[in-house]
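The values are calculated or read from the model by the stated rules, or taken from the named source; none is laboratory data. From a predicted model like this one, the values you see are computed outputs, not experimental measurements. Virtual Cβ from ideal backbone geometry, glycine too; neighbours counted across all protein chains shown.
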Amino acid sequence: MTQLPSEDRDSTSPKKRRKYDRYVTRTSTLPERGYGCIALERPTDQVNIGHALRAALGFQARMVILSQPAEGLNVQRIKTDPGRAYRHVPIVRTADLFSTIPEDCTPVAIELTEDALDLSTFVHPERACYIFGPENGSVSEETLERCRLTVKIPTVMSLNLGMTVNIVLYDRAAKMRRQPKSQP
Ligand SMILES: C[S@@+](CC[C@H](N)C(=O)[O-])C[C@H]1O[C@@H](n2cnc3c(N)ncnc32)[C@H](O)[C@@H]1O
C-alpha cells in the first residue's frame, strides 16, 4: 500500500486518511481510455466484411454491429477473416443501428462528403462507434443526419470498405495510446 508522507498523515483525521489511502492505491492500470467499435450499414460482400472483421480483431475494436446485413451472411466462415473474429469480438446484427450503439458512445459517420472532417486531424471521441456505408452505396442520409461527426479519409476517390475500416481503426489506435510514463 502506498504510504503518505508523514506530514500529510499527521494533518488528516483517521477517516480522511483512510479515504486518501484507498484513492491512491486504486489508480487505473488500463493501458488506454475508452473504446472503439464499428458498424457496417447494409453490408453485402463477404470478402469486404471479412476484411472489416479482421481489422476489428486486430485493432481490438470492442464490438461489431451489422446493420441490416445481406441475408444469408455467415460471419463464422469467411476466408478473409482467418482469425474468426466472432470468437473474440462480439458481433451483433440489428435492424435498428442507433438503438444498438452502446451507452454514451459517440456515433461517427465515416463517409467521403464535402463537409466531413479530415481524419488526419480528427480527435477521436473516447468512446466511438464508427459507421461505414455499404460497398455499393454510402452511409444513409438518416445516419449522416443523426451523427454530429462525419469524418473522411482525404482521398480523391472512395476506397474499398475493408481498407477504410483498417485506416480508421489504425488512426484511432495511433492517436489514443497513452504516452509511456517514462522513457528508458
Ligand atoms: C466502397 S465505399 C462505397 C462506394 C462509394 N459510395 C462510391 O461509389 O464512390 C464503402 C464505404 O467505405 C467508406 N469510405 C470509402 N472511402 C472513404 C473515404 N475516402 N473517406 C471516408 N469513408 C470512405 C464509406 O463509409 C463508404 O460508404
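Filter the stretch 123-141 down to residues that are in contact with a Phe, Trp or Tyr (Cβ under 9 Å, 6 or more places away or on another chain), closer than 16 Å to L40 by Cα and more than 9 Å from the ligand (Cβ to nearest atom), then give me how many there are.
The total comes to 1.
With the structure loaded, tell me whether D81 is buried (at least 18 other Cβ atoms within 10 Å of the Cβ) and either within 17 Å of G162 (Cα to Cα) or within 16 Å of the ligand (Cβ to nearest atom) (or both) or whether it fails that test.
It is true that D81 is buried (at least 18 other Cβ atoms within 10 Å of the Cβ) and either within 17 Å of G162 (Cα to Cα) or within 16 Å of the ligand (Cβ to nearest atom) (or both).
Test E111 against the criterion of being touching a helix residue (DSSP H, G or I) at 6+ places or on another chain (Cβ under 6 Å), in contact (Cβ under 8 Å) with a residue 12 or more places away in the chain and within 14 Å of the ligand (Cβ to nearest atom), and give yes or no. Step through it out loud before you land on a result.
Details: touching a helix residue (DSSP H, G or I) at 6+ places or on another chain (Cβ under 6 Å): no; in contact (Cβ under 8 Å) with a residue 12 or more places away in the chain: yes; within 14 Å of the ligand (Cβ to nearest atom): yes.
Answer is no for this residue.
Restricting to the stretch 77-87, what's the tally of residues that are assigned to a loop (DSSP other than H, G, I, E, B) and either outside the structural domain of T44 (by TED's automatic domain parsing) or in contact with a helix residue (DSSP H, G or I) (Cβ under 6 Å, 6 or more places away or on another chain) (or both)? Spell out how you get there, then give the answer.
So in the stretch 77-87, the residues assigned to a loop (DSSP other than H, G, I, E, B) come out as 77-84.
The next check asks that each one be either outside the structural domain of T44 (by TED's automatic domain parsing) or in contact with a helix residue (DSSP H, G or I) (Cβ under 6 Å, 6 or more places away or on another chain) (or both); those that pass are 78, 80-81, 83.
So the answer is 4.
Do we have R178 as modelled with pLDDT of 95 or more and either among the basic types (K, R) or in contact with a helix residue (DSSP H, G or I) (Cβ under 8 Å, 6 or more places away or on another chain) (or both) here?
no
Need the failing condition index for S120 against (1) touching a Gly at 6+ places or on another chain (Cβ under 6 Å); (2) within 16 Å of the ligand (Cβ to nearest atom); (3) more than 16 Å from L66 (Cβ to Cβ), just the number.
Single failed check for S120: (1).
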